[in-house]
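Encoded as structure tokens, the structure appears first; notes follow it.
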Amino acid sequence: MCNEKTRILEPYGDVNVDLLKDFCQAKGITGHEAGASRVMKKWMEGYVDTIEYDNLGSILGTKKGSGNGPKFAMFGRLDEVGFYVKKIEDSGYIRVVNAGGLWPHVLLAQEVMITTREGKEIYGLISAPAPHGMPAEVMKTVKQLDELFIDIGVCDKKEAEDLGIRIGDMITLVSEFRELANPNYLMAKAWDDRIGAAIATEVVRNLKDVDHLADVVAVGSVQEEVGLRGAKTAAYMVDADVAIALDVTLASDVPDSKFGVPLASGVTLSVMDGSVIGNRELLYCMEDICKELGITFVHDIFMRGGTDSGEIHMTRNGVINMTLSIPARSIHSHRGVVHRKDIADTITLLTEFAKRLNWDMVEKFRCSNR
């Protein structure tokens, strides 16, 4: 349901739409995140003291603190769902394999782009059969992924290969970034989870010329969609004292929804999910800062999935950790929808937390489990 805040047609908060658009429009499926990584590097340069990479491709931008303080890391992942080229049919059609969980129900007649190893971009269409004369029982079924194919507009396999298409090439979803009727609602591909990487980037940008004790690290992790792989290596490399994973959660404000959080809730504090139980003193601290700053917040418990926190909190001898989420509609499709308020409030909370973090707070978080 709408309230007075969500009905307001003036854009909420100080949200850098150009940065968000840059992140979402980048091409970077699981295992091919370099395009998104370059975007994150561009927006962090000049705001962090160092930029490093682990050997899987995760990017780490560190804003040094003013003293021998703790290390605080924010993990927002860079990968998006998409496909790899699996086979080129003799007829020139392209068969695919999933990179992440794309439901065939949302794919028919949608536009995609194949990027060759030389960087050539080739548009195509996930072919949809016409319903004319189709048996009723067939019309009621959802096609399986191995039944789908991409039409790139060629006559045979040789023509496709002459374009440079090879097995293993990246296939990304194609859609435009848009502000919707109420400009607080933003539609784009790859909110899951470029929004997390964008938020982490905005926090370190907010800390420019700000005095803070902690070293603050913005991490763009890779390969989450296939098993939290980048989070494991990046968390080991960072060796943080406190770490927050930033990810999306399901939106509950859609018809027939049984899970999730309404858009425009403010900050979403994840109590637990299928991969982690958040540190409770860290959770209480986040609640207290929200109350002090007048930020609305809700809690989320979602056991059907996990986030980078699942690997982060088990790194080395354990990391104080929890997840902050952004509710998003229609994730794992060509177009998702998020709300400016959730983005702006989460950035505000994390910026304030980064300014305050000290060793006494870290010790309090650690003692909560002793």
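The values are calculated or read from the model by the stated rules, or taken from the named source; none is laboratory data. It should be emphasised that the depicted structure is a prediction, and the values quoted were computed from it without experimental measurement. Cβ atoms come from the backbone with ideal geometry, glycine included; neighbour counts cover every protein chain shown.
What to note about this one:
- Options Asp342, Asp360; residue that is more than 30 Å from Asp256 (Cβ to Cβ), among the acidic types (Asp, Glu) and either at pLDDT 95 or above or in contact with a Cys (Cβ under 6 Å, 6 or more places away or on another chain) (or both): Asp360
- Inside the range 315-342, residues that are assigned to a loop (DSSP other than H, G, I, E, B) and under 13 Å from Asp253 (Cβ atoms) make up a count of 1.
- Any hit, the range 319-336, residues being touching a Lys or Arg at 6+ places or on another chain (Cβ under 7 Å), more than 22 Å from Leu186 (Cβ to Cβ) and either surrounded by fewer than 22 Cβ atoms within 10 Å (Cβ to Cβ) or not aromatic (Phe, Trp, Tyr) (or both): yes
- Residue that is farthest from Ala328 (Cα to Cα), among those in the range 175-210 that are touching a Gly at 6+ places or on another chain (Cβ under 9 Å) and surrounded by fewer than 20 Cβ atoms within 10 Å (Cβ to Cβ): Lys208
- Among (1) small (Gly, Ala, Ser); (2) outside the structural domain of Gly168 (by TED's automatic domain parsing); (3) under 16 Å from Asp169 (Cα atoms), the one test that Gly101 misses: (3)
- Conditions (1) modelled with pLDDT of 95 or more; (2) loosely packed, with under 14 Cβ neighbours inside 10 Å; (3) not small (Gly, Ala, Ser): number failed by Glu147: (1)
- Close pairs (6 angstrom Cβ cut-off, 6 or more residues apart or separate chains): at positive phi in the range 276-292, assigned to a helix (DSSP H, G or I) and not aliphatic (A, V, I, L, M) anywhere: none
- Test: residue in the range 124-142 that is of a type in the set (Val, Ile, Thr), under 30 Å from Thr268 (Cα atoms) and surrounded by 12 or more Cβ atoms within 10 Å (Cβ to Cβ): no
- Apart from one condition, Tyr123 fits all of (1) more than 30 Å from Arg205 (Cβ to Cβ); (2) in contact with a helix residue (DSSP H, G or I) (Cβ under 9 Å, 6 or more places away or on another chain); (3) not aliphatic (A, V, I, L, M); the exception is (2).
- Each residue in the range 64-119 was checked for being among the charged types (D, E, K, R) and either buried (at least 18 other Cβ atoms within 10 Å of the Cβ) or free of Cβ contacts under 8 Å to residues at least 24 places away in the same chain (or both), and 4 pass.
- The residue that is nearest to the chain's Cα centre (by Cα), counting only those in the range 273-310 that are surrounded by fewer than 17 Cβ atoms within 10 Å (Cβ to Cβ) and modelled with pLDDT under 95, is Gly305.
- Whenever a residue of the range 160-183 is on the phi > 0 side of the Ramachandran plot, its partners that are modelled with pLDDT of 95 or more, lying with C-beta atoms within less than 7 angstrom and at least six residues away or across chains, give the pairs Gly164/Thr116; Gly164/Glu118; Gly164/Lys120; Gly168/Tyr84; Gly168/Val85.
- Filter result (surrounded by fewer than 24 Cβ atoms within 10 Å (Cβ to Cβ) and modelled with pLDDT of 95 or more) within the range 212-231: His212, Leu213
- Test result for Lys42, without any contact (Cβ under 8 Å) to a residue 40 or more places away in the chain and among the charged types (D, E, K, R): yes
- Any strands (runs of 3 or more DSSP E) falling wholly within the range 58-112 and containing at least 3 residues that are over 19 Å from the mean Cα position of the chain (by Cα): 82-88, 94-99
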